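Notes for the one structure printed next.
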Amino acid sequence: MNLAPMPDHGRVNRPEWQALWLQYEAVTTPLRAAGLVCDIETCGGETVIYVNLPDGTHLVIADDHSLPDRLADVTGWRIVRSHEDNPNFDGLLYDSTAEGEHAQLAAEVRSMLAAIALYLRDLRDADTVAAGQALGESLLEPRQCWCVINHPVTEQQRAELNEAITYARRIGDAAALPLLLARLTGPCPARA
């Protein structure tokens, strides 16, 4: 899978930025797989995800105001499209926060990504439309885990992981066991 490049700034080497990037990888990786450059911005005490669009605009993804430090603590998504120099592009794209139009979907990542895909496919710029189509097609594929530690999503993947755990125990591979066991634990947006 080809991904859009990582952000190119000095914060990418900071542990706090890297921790946020890992937390929101389930959001940024599908967007990057569609060719969209993403970044996590922390400014003025607020954390948001910026998604640069090929047409020169960008999306700002947040919760009610700011994203929490953990993806699991997000209560809903608010996405705004804007442009640095042209306020005509400013507008709400999606709102699943408590008072939003899509509040029933709350913090569901897949629904939020689907809303982005549909929105991008309706824009005029061909490259932006192509990114929306790529994102939409990726959501139609069987669910995938985008987490750093790849969680099993299907029963076949879970069975293969259980076999690997049994094998690691049998041969006494103490180094592999924690990693294999970690793949069975923790929240994963693909399981939702």
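Scanning region 153-175 for residues that are outside any helix (DSSP H, G or I) and either in contact (Cβ under 8 Å) with a residue 12 or more places away in the chain or charged (D, E, K, R) (or both) yields VAL153, THR154, ASP173. Residue selection: LEU118 fails the criterion of being in a helix (DSSP H, G or I) and under 19 Å from LEU71 (Cβ atoms). Those residues that are of a type in the set (Asp, Glu) and either over 18 Å from the mean Cα position of the chain (by Cα) or surrounded by fewer than 19 Cβ atoms within 10 Å (Cβ to Cβ) (or both), I need them from region 89-120; list them, please. Within region 89-120, ASP90, GLU99, GLU101, GLU108 meet the criteria.
Just a yes or no: is a residue in region 33-52 more than 21 Å from ALA103 (Cα to Cα) and in a helix (DSSP H, G or I)? Yes. Set side by side, the residues PRO30, PRO68, PRO54, PRO15 differ, and just one is surrounded by fewer than 18 Cβ atoms within 10 Å (Cβ to Cβ) and either within 16 Å of MET112 (Cβ to Cβ) or touching a Pro at 6+ places or on another chain (Cβ under 9 Å) (or both), which is PRO68. Among residues of region 122-143 that are at pLDDT 90 or above and β-branched (Val, Ile, Thr), those with a Cβ under 7 angstrom from a residue that is open to solvent by less than 80 Å² (accessible area, probe 1.4 Å) and assigned to a helix (DSSP H, G or I), sequence gap 6+ or separate chain, pair up as THR128/LEU120; VAL129/LEU120. Across region 121-146, which residue is least open to solvent (accessible area, probe 1.4 Å) among those that are over 17 Å from LEU59 (Cβ atoms) and part of a loop (DSSP other than H, G, I, E, B)? Ranking the candidates gives CYS145 first. Comparison of ASN86, ASN2 shows that the only residue that is under 21 Å from LEU120 (Cα atoms), over 14 Å from the mean Cα position of the chain (by Cα) and open to solvent by 80 Å² or more (accessible area, probe 1.4 Å) is ASN2.
Out of curiosity, is ASP95 out of contact with any helix residue (DSSP H, G or I) (no Cβ under 7 Å at 6 or more places or on another chain) and modelled with pLDDT of 95 or more? Yes, satisfied.
The values are calculated or read from the model by the stated rules, or taken from the named source; none is laboratory data. Just so we're clear, the structure is a prediction, and the values are computed from it rather than from any experiment. Note that we place each Cβ from the backbone using ideal geometry, even for glycine, and neighbour counts take in every protein chain shown. These accessible areas exclude ligands, DNA and RNA; they are computed on the full protein's heavy atoms, side chains included. Shrake-Rupley method; radii C 1.70, N 1.55, O 1.52, S 1.80 Å.
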